[in-house]
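The values are calculated or read from the model by the stated rules, or taken from the named source; none is laboratory data. Everything quoted here is computed from the prediction, not taken from an experiment. Every residue, glycine as well, gets a Cβ built from its backbone with ideal geometry; the counts of neighbours run over all protein chains shown. Side chains included, ligands, DNA and RNA excluded: accessible areas come from the protein's heavy atoms. Shrake-Rupley method; radii C 1.70, N 1.55, O 1.52, S 1.80 Å.
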Amino acid sequence: MSALAGLVAIVTGGAQGIGRHIAIGLAGEGARVVVADLRAPEELSASLDGGIAVEVDVSSLEACERMAQAAIDAHGRIDILVNNAGIWSSLVPTPFEELSVEEWRRVFDVNVLGMYLATRAVTPFMRRAGRGRIINLASGTPYKGVPLFMHYVASKGAVIAMTRVMAKELGSDNVLVNAVAPGFTLSDGVLANQTQVEQLQDASAKARVLVRDQYPEDIVGAVLFFAGPASSFVTGQSLVVDGGAYFN
Ligand SMILES: NC(=O)c1ccc[n+]([C@@H]2O[C@H](COP(=O)([O-])OP(=O)(O)OC[C@H]3O[C@@H](n4cnc5c(N)ncnc54)[C@H](O)[C@@H]3O)[C@@H](O)[C@H]2O)c1
């Protein structure tokens, strides 16, 4: 029997890139996946057994509550939330003194507030059920203090901090919260940003113990671990998945 058979998982930002591969991976383990993104990814959800597509902007509490309700209406439960929606691939390297306040706010609205709101929306259902798994997409960048992306790096540092708080506040209801921190990954969004690819691809690969590019598929196993029975006594942790560029 598949490890996640009968369970319902929401993946935010699931239309493309890392989120898309996570959605496919969860469905492969038997989960019914609610793929949520700015535009409902109907084509992907239709290809997944029991999949549904939901339109959500995670920076809106109402939209996150509608997303959670759509999962309940379709399947009657929410077992897993993967907080993957995030702004990264559209960013250009900028000294922090030159970052616009608008861009800083936009990154925090999605990466930090959005993660909080999506989590808040599913929490009542998980608490009531007395179980749940929340997996937050962080990044290796806050460990390394990667320059020229201060807003992004700070937002992902906040994700690691929020993961710990969420784990403590939700542990009494058997809701486990962990983070996965990928290295520079050739996702759909990244591949559409040639500047990022040119500036970061080679340097990232060479900095790894396992010297090669990182792909969305490389991240799926860690998410499945945190979603499944093998991690039932693990919470509040952040697992760096980057081919050994940073030892956490
Ligand atoms: N690619 C990398 O190098 C890398 C490294 C570390 C961490 N991450 C993190 O992994 C996650 C996915 O990254 P990716 O490279 O696959 O991204 P991507 O740009 O390929 O895809 C991101 C998806 O999130 C969606 N999204 C953006 N804002 C949203 C919002 N407000 N509400 C709902 N959906 C929204 C987009 O529509 C898109 O489908 C992000 O949180 C990112 O910060 C990426």
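Filtering segment 37-49 to residues that are away from the ligand (no atom under 11 Å from the Cβ), in contact with a strand residue (DSSP E or B) (Cβ under 6 Å, 6 or more places away or on another chain) and either farther than 19 Å from I135 by Cβ or open to solvent by less than 10 Å² (accessible area, probe 1.4 Å) (or both) leaves E42, S45.
Among the residues of segment 19-36, the one identified as more than 15 Å from V8 (Cα to Cα) and in contact with a strand residue (DSSP E or B) (Cβ under 7 Å, 6 or more places away or on another chain) is G19.
Restricting segment 198-220 to residues that are within 10 Å of the ligand (Cβ to nearest atom) and of a type in the set (A, V, I, L, M, F, W, C), the residue that is modelled with the highest pLDDT is I219.
When segment 217-229 is filtered for residues that are open to solvent by less than 40 Å² (accessible area, probe 1.4 Å) and more than 13 Å from the chain's Cα centre (by Cα), only G228 remains. The residues listed here are S238, S232; of these, the one that is among the polar types (S, T, N, Q) and either loosely packed, with under 13 Cβ neighbours inside 10 Å or farther than 24 Å from G25 by Cα (or both) is S232. Scanning segment 172-197 for residues that are modelled with pLDDT of 95 or more and open to solvent by 40 Å² or more (accessible area, probe 1.4 Å) yields S172, D173, N174, D188, L191, A192. Among the residues of segment 186-207, just one is of a type in the set (D, E) and under 21 Å from the mean Cα position of the chain (by Cα), namely D188. Entry remark, segment 53-67: residues being more than 8 Å from the ligand (Cβ to nearest atom), closer than 12 Å to Y116 by Cα and surrounded by 22 or more Cβ atoms within 10 Å (Cβ to Cβ) number 1 in total. Of all residue pairs spaced 6 or more apart or on separate chains, those with beta-carbon atoms under 8 Å, a first member in segment 27-44 that is part of a helix (DSSP H, G or I) and a second member that is among the charged types (D, E, K, R) are A27/D49; L44/R20. Suppose we filter segment 110-160 for residues that are open to solvent by 50 Å² or more (accessible area, probe 1.4 Å), of a type in the set (D, E, K, R) and away from the ligand (no atom under 14 Å from the Cβ); how many remain? Summing the residues that are open to solvent by 50 Å² or more (accessible area, probe 1.4 Å), of a type in the set (D, E, K, R) and away from the ligand (no atom under 14 Å from the Cβ) in segment 110-160 gives 4. Given the criteria near the ligand (Cβ under 9 Å from one of its atoms), out of contact with any helix residue (DSSP H, G or I) (no Cβ under 6 Å at 6 or more places or on another chain) and of a type in the set (D, E), does D242 qualify? Yes, satisfied.
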